[in-house]
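What follows is a single structure, written as structure tokens, with notes after it.
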Amino acid sequence: MKSKLPHFIFFILISVLVGFACDKINDPLTLVDQKNYPLNPDDTLYFTDSVVVTCKQVLLEDFTGHKCVNCPSAAKMLHEMMAEHQPRLISYAVHAGSFAEPVPDSPFENDLRSSLSETLFTDFGIFANPVALIDRIEFNGLRQIFTTDWNVVVEQQLESDNSATMKIKNTYFPKLNIVVTDVEVDFLNNLEGQYNLVVYVVEDHIVSPQMNNDPTIGPDTLLNFEHHNVLRAAISSNYGDPINPGGNIIAGSAFSKRYSYQLNEEWIACNCKTIAYIGKTHESLNLTDIIQVGELGIKTDGE
């Protein structure tokens, strides 16, 4: 489309309400002739949205697979936890390992794995499903946390000090199927060590068969099981980009980073989200001890 306007006027008002973890900048607009994105000038139509994270939020990485019979019960429990702690609990499903392998010529021939999910599965030594990493902290000497402790650890982390605020802005160009993600971070506390910013893409509402052993949920094979926030890819490197190379973080310092990423054409853009988080680098585990996380849809209709 071509606009007769020489430029656009775009105002965003941010209203930070005390006590809320995510304040949505609830004005995703159709804009024309944005000049400061060095993309195809013919793609003048795009959508934008932002979110501001002002309180401590928690990331739960759910390691799962469509052949894991206990995973539907875990997914149901996680759904209830997220409803209780909304919007401060963020999760995605990591389909990896033998339980996630596709079975040709069967209901389980879909492949929800990704190279990123397999990397996380291997690097963190996942040995069972369902298990989770929660802010990638240790609990009772382990980072792999079983379902019986998920809520305990989540509530513990929600009560921990908040060390950073975060703003995420997504701008989606439909003709190019590209999302430009801007992340701004303000640090509230002094922090020792090296911290990285990580940005992933997930896809929600994927309907695909799932094995099950919970009769309260359904039969042994759930043909229309809805998989939420399936981990698709990293926009940053797998374990992020350095925020403070070679030094500690001082309270009051700020960091910003822009990423551009072309979505896989097989993904449904309106179901895709970016999840950004900040963690501490670790010699053997790459990135642990997540201090803040935020989530934002890529293509939004403003509702």
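The values are calculated or read from the model by the stated rules, or taken from the named source; none is laboratory data. Just so we're clear, the structure is a prediction, and the values are computed from it rather than from any experiment. So basically every Cβ, Gly included, is an ideal-geometry build from the backbone, and we count neighbours across all protein chains shown. What goes into the accessible areas is simple: the full protein's heavy atoms, side chains included, and nothing from ligands, DNA or RNA. Shrake-Rupley method; radii C 1.70, N 1.55, O 1.52, S 1.80 Å.
So the values come out like this:
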{"read-out": "Point-charge dipole on Cβ atoms (K/R +1, D/E -1) for segment 227-303, about Cα centre, debye to 20", "value": "180 debye"}
{"read-out": "Where segment 105-169 is the region considered: accessible area per residue in Å², 1.4 Å probe", "value": "45 Å²"}
{"read-out": "With all protein chains modelled, accessible area of Phe255 [1.4 Å, Å²]", "value": "40 Å²"}
{"read-out": "Shape parameters for segment 193-235, alpha-carbon atoms, Rg then Dmax in Å", "value": "15.8, 49"}
{"read-out": "Debye log10 I(q)/I(0) at q = 0.29 Å⁻¹ for segment 47-110, Cα point scatterers", "value": "-1.22"}
{"read-out": "Accessible-area composition of segment 112-260, carbon plus sulfur, in percent [1.4 Å probe]", "value": "50 percent"}
{"read-out": "Two-site FRET efficiency, Cys55 against Glu192, from Cβ-Cβ distance with R₀ of 25 Å, rounded to 0.05", "value": "0.65"}
{"read-out": "Cut-off under 5 Å, modelled amide H: who pairs with Leu287 long-range", "value": "His282"}
{"read-out": "Pairwise FRET efficiency - Thr119 versus Asp182, Cβ, R0 = 25 Å, nearest 0.05", "value": "0.45"}
{"read-out": "Equivalent ellipsoid, segment 219-303 (semi-axes from 5 times Cα gyration tensor eigenvalues, Å)", "value": "31, 18, 13"}
{"read-out": "Potential lengthening between Ser106 and Thr221 on full extension [0.36 nm per residue; Cα-Cα distance subtracted]", "value": "40.3 nm"}
{"read-out": "Simple spin-label estimate for Asp161 and Glu265 in nanometres, 7 Å along Cα-Cβ", "value": "5.1 nm"}
{"read-out": "Rough spin-label spacing in nm, given labels placed 7 Å along Cα→Cβ, for Asn238 and Asp149", "value": "2.5 nm"}
{"read-out": "Pairs from Lys76/Lys169; Lys257/Lys280; Lys76/Lys280; Lys169/Lys273 whose Cα-Cα separation, in the structure shown, is over 21 Å", "value": "Lys76/Lys169; Lys76/Lys280"}
{"read-out": "Label-to-label distance, nm, for residues given as Arg258 and Val69 (7 Å Cα→Cβ offset)", "value": "5.3 nm"}
